[in-house]
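Read the structure below first, then the notes.
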Amino acid sequence: MDTIKRPKALMMYFLNILSLYKKIGSIDKFYIVNSILTVLIKAVHPFNSILFLKIIVDELTGNSNWKVTVGYVLLMCILELFFRSLSAVLWTYELRKIVHFKSIFIKELNLKTMSLSYQQIEDPKLIDDRHKAMEIFYPGQAQFMDLKNTLIDSKQLIAYIIQFCGVIAILFTLSPYIFFILLATYFISNLLNTIAADKEFNVWSLSLVNIGRRIGYFQELATDYKYAKEMRINKLGQWLVDKIYYYFNNMKKDVHKAVRTFTVISMIANTLQILVNGGVYFFIGWLAYKSIISLSEVIVYINSLGVFVLALLGISSCWISLQKAGMHLSTYFRYLETVSKNVIPSGNGQNQKLDTKEIKIEFIDVWFKYPGHKQYTIKNLDLTIYPNEKLAIVGENGAGKTTLIKLLLRFYKPTKGYILINGMDINRIKIEEYMNIITAVFQDFNTLNFSLKENLVFDNNYESSEIEEILQTLNLNNTISKLPKGIDTELGRLFDQEGIELSGGQQQKLAIARALVKNSPIVILDEPTAMLSPTAEYEIYTNFAGLTQDKSTIYISHRMSSCRFCDRIIVMKLGEIVELGSHDQLMQEKGNYYTLFMKQAEFYNNIDEQNSISI
Ligand SMILES: Nc1ncnc2c1ncn2[C@@H]1O[C@H](COP(=O)(O)OP(=O)(O)OP(=O)(O)O)[C@@H](O)[C@H]1O
């Protein structure tokens, strides 16, 4: 839970903003020069009129030389033009660069997220950190911080402090007492505003970010095409709209709470400032009335007081927004520093070369429980998958089949035991290299709103003949060749009216084709064929076996008949292997496999009799 603890926290926020500038400086040094110039121009600008007005009034009330007076007026205007033009140029550069930095930072954040292990991206703490880190670039419901405002406010703060010091020096010459009263007012009102901002920020950070995420999610459910079917079939429209409304109401309450405290405290601070400023104006007037100060001095003091008030307000609002930004940047930097669990500690067999010609996979006494769970999902598992073997895994729902695959894919590490490939612990192989030797298609595979070709190869280059052969084997080539743009046709109509919607079965074939195009020596199919008819599944698996002759393949299917072509079949129950052998062996044993197989055969035979559908 992030709450502000001073003064250590303030120092940390300050250092965070400094780190942000350091990071930006490493991308573009000139931006730092631009920032320094911006601060100087902004700091000095108000003194142009203060100084020249005094000189002009002195001239008018003294020598009264109109030529000199006009000269001063012209000089003041030229300097004013110079300050404004330079500010505009610096501002344009600033805005242009902020877009550039945003794109670099978002890229960095995305790469960081992609580099994290599967287990890490499931961690709610990390999900929260990522969400807050992204908010820097896309300020959402929670309105935490915006990169643009942070960069601008940090420069403004320094400029206001310089202005403040300048006018304080001028006001000191008016009266040291006035100086101290103004200083005390500044500290008290700033303190009050900071307390108000803390309270407001805590409401935002502790409550609204979560509500904001929820609302975002419901919004997605209501508008995203992929949920449209469920929403309509189950008539979820009103239910969802009510939920969004409910959370907006909750948000409203928290916003009211935050804003009420902020308003009351700010009003006290502002009243204090107005009273003190009024007192000082009165004092200046009295000094002029008593002829203690001249007309030009009255103008200088009044202008200085105006700059003092603006600088004070500026310091206060920048200070508040920068505290939020500094705090938020802590999460941002923490997220960027999260070490991926995929990274192998140095000196741990890193960079060992793996012979990928013949792959032998060994599970040695593997036990696994999901993070935060007490029960083991995989128990006491010993298994060897021999080079080019076709292995099927069957078992009831929840038996641990997919979990076993997730361990082999390094989404999680075994709690106990080892998984070896050609004798090497898989967790010692570089993740990029590892992902080249293994591929998988899951039940919940995704097709993307890109072209069919991109869905197959992403950004890789493959020979067209290789892709053709695979598409032909999976019976997809006919469908694709009839399309006007062929393999370049976009999938889905989200971005292209001419895009196509594939049937569930065609999508599954596409996902399998994608895995085959990757040409990895280990291929896993975790029941991606559920939408296919038993005949189509059987055909695909048999053709698939032909395409993967020189690969180690693992199949998970609830259709026993589809596993018959495999060299061996393992039956899992409650995380353990309870049977292992070829189809014939297991049928002879008349154990779990036999029972499952016979039940399904009976079921399909009944259907067959009724509907003349054969498996
Ligand atoms: N991310 C997770 N966190 C916690 N528990 C999980 C997670 N994923 C799966 N489980 C649990 O682990 C057990 C095994 O799940 P798994 O998906 O491996 O089974 P399965 O044999 O593939 O089942 P199915 O045939 O239904 O796909 C189940 O009890 C499931 O609830």
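The values are calculated or read from the model by the stated rules, or taken from the named source; none is laboratory data. Computed from a prediction, not measured in an experiment: that's the story for all the values here. Ideal geometry is used to build each Cβ from the backbone, glycine not excepted, and the neighbour counts take in all protein chains shown.
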- If we take the range 398-485, then helices (runs of 4 or more DSSP H) inside it with 1 or more residues that are at pLDDT 90 or above and within 16 Å of the ligand (Cβ to nearest atom) are 401-408
- Residues ILE385, ILE393: which one is within 15 Å of the ligand (Cβ to nearest atom) and either acidic (Asp, Glu) or surrounded by 14 or more Cβ atoms within 10 Å (Cβ to Cβ) (or both)? ILE393
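Per-residue answers, yes or no, for (1) surrounded by 12 or more Cβ atoms within 10 Å (Cβ to Cβ); (2) of a type in the set (Ser, Thr, Tyr); (3) within 30 Å of SER175 (Cα to Cα):
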site	(1), (2), (3)
LYS235	no, no, no
ILE244	yes, no, no
ASP254	yes, no, no
GLY279	yes, no, yes
- Query: Out of curiosity, is LEU532 assigned by TED's automatic domain parsing to the domain that holds ALA392, in a loop (DSSP other than H, G, I, E, B) and over 30 Å from LYS360 (Cβ atoms)?
  - Reply: yes
- Message: Just the residues that are surrounded by fewer than 20 Cβ atoms within 10 Å (Cβ to Cβ) and either away from the ligand (no atom under 16 Å from the Cβ) or in a loop (DSSP other than H, G, I, E, B) (or both), please, taken from the range 569-578.
- Response: LEU574
- List the pairs whose first member sits in the range 390-405 and is outside the structural domain of TYR370 (by TED's automatic domain parsing) and closer than 14 Å to ILE378 by Cα, whose second member is within 8 Å of the ligand (Cβ to nearest atom) and among the hydrophobic types (A, V, I, L, M, F, W, C), and whose Cβ atoms are under 6 Å apart, counting only residues at least 6 apart or on separate chains? none
- Message: Between VAL259, VAL309, VAL339, which is modelled with pLDDT under 85, surrounded by fewer than 18 Cβ atoms within 10 Å (Cβ to Cβ) and not in a helix (DSSP H, G or I)?
- Response: VAL339
- Task: Under 7 Å between Cβ atoms, at least 6 apart or on separate chains: pull out the pairs that start in the range 561-583 with a residue that is under 12 Å from GLU396 (Cα atoms) and end on any residue that is of a type in the set (Phe, Trp, Tyr) and part of a loop (DSSP other than H, G, I, E, B).
- Result: GLY575/TYR376
- Task: Take ASP242 and decide whether it is at pLDDT 75 or above, touching a helix residue (DSSP H, G or I) at 6+ places or on another chain (Cβ under 8 Å) and among the charged types (D, E, K, R).
- Result: no
- Note on the structure: When every residue in the range 539-559 that is touching a residue at least 40 places away in the same chain (Cβ under 8 Å) and of a type in the set (Ser, Thr, Tyr) is compared, the one nearest to the ligand (Cβ to nearest atom) is SER557
- Count of the range 93-123 residues which are among the small types (Gly, Ala, Ser) and surrounded by fewer than 13 Cβ atoms within 10 Å (Cβ to Cβ): 1
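Residue by residue, here is whether (1) touching a His at 6+ places or on another chain (Cβ under 8 Å); (2) in contact (Cβ under 8 Å) with a residue 40 or more places away in the chain; (3) closer than 11 Å to LEU452 by Cα; (4) not charged (D, E, K, R) holds:
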| site | (1), (2), (3), (4) |
| --- | --- |
| ASN478 | no, no, no, yes |
| SER481 | no, no, no, yes |
| GLY486 | no, no, yes, yes |
| LEU491 | no, yes, yes, yes |
| LEU494 | no, yes, no, yes |
| GLY505 | no, no, no, yes |
| LYS509 | no, no, no, no |
| ILE512 | no, yes, no, yes |
| VAL517 | no, yes, no, yes |
- Task: From the list ASN380, ASN351, pick out the single residue that is farther than 30 Å from PHE105 by Cβ, more than 9 Å from the ligand (Cβ to nearest atom), modelled with pLDDT under 90 and out of contact with any Ser or Thr (no Cβ under 9 Å at 6 or more places or on another chain).
- Result: ASN351
